Amino acid sequence: MIQLRLLSLCALVLLSGTTVLAKSKAEKQAEARQKADQTLQRLYKATPSAQSAIKGAAGYAVFNNKSAKIFVGGGGSGSGIVVDNSTKHVTYMKMREIQAGLGMGVKKFSLIFVFQNKKALEDFANGNWDGGGQSTVAAKSSDGGGSLQGAVAGGPGVWVYQMTDKGLALELTVKGTKYSKDDELN
């Protein structure tokens, strides 16, 4: 009988501890915005012209991702935010990725999307964006005056920067990636 009470007490303590340690919706939202701000600061340090490109755009998205590949397959996940520059509205998002091809390793990276028009921004935020896989060292927008240097075209009206722990990446791969709203945080 004493063992049962002791076990019940331990279970109660553990359950109450997890309740206290669980993050609230507001805390998770604040954490997502903070991660996005940190990622943007890293981008601006690596590519100062990106700041004016993002400020002048219809909006932007920032994602922090982790992926793993073992032999012929892999996957990844991440989270981020989409910001409409005209309204300052933030949409909380998540991403899932499927990879095929030979390889092995774990990769942490950040993606920063720059939406040059409202339609591209809304399509992305509503999960209606299809991006193709691309690889390049740098690209420039003819109307961006070089402000998008280091970004890769991700589709009509969409430019993408990819950051790793070492700075701006020389490649971009978005094939097999699905971006969607995070129902828990919106």
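Readers should treat all values here as calculations from the given coordinates under stated rules, not as data from a laboratory. Note that the structure is predicted; figures quoted are calculated from it, not measured. Cβ coordinates were reconstructed from backbone atoms using ideal geometry, including for glycine residues, and neighbour counts include every protein chain displayed.
In what order do 95, 104 fall by count of nearby beta-carbon atoms within 10 Å, going from fewest to most?
104, 95
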Distance between modelled label sites at residue 118 and residue 98, nm, 7 Å Cα→Cβ extension: 3.5 nm
Packing rank of 177-184, 156-163, where each peptide gets the mean count of other beta carbons within 10 Å, highest leading: 156-163, 177-184
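Could you order the peptides 112-118, 35-41, 86-92 from most to least packed, using the average number of other C-beta atoms within 10 Å per residue?
Values: 112-118: 22.0, 35-41: 16.4, 86-92: 13.3.
Top to bottom by mean Cβ count within 10 Å: 112-118, 35-41, 86-92.
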Calculated FRET value between residue 44 and residue 106, using beta carbons and R₀ = 22 Å, to 0.05: 0.25
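At a Förster radius of 41 Å, what calculated FRET efficiency corresponds to the Cβ-Cβ distance of residue 186 and residue 51, to the nearest 0.05? Before the final figure, lay out each step's value.
Details: r = 27 Å, r/R0 = 0.65.
Approximately 0.95, to the nearest 0.05.
Among the listed pairs 35/181; 23/108; 108/178; 23/69; 118/178; 25/119, which have their C-alpha atoms separated by more than 25 angstrom in this model?
On the way: 35/181 17 Å; 23/108 23 Å; 108/178 17 Å; 23/69 30 Å; 118/178 20 Å; 25/119 28 Å.
Flagged as over cut-off: 23/69; 25/119.
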Residues residue 178 and residue 30, FRET efficiency given R0 of 22 Å [Cβ-Cβ distance, rounded to 0.05]: 0.30
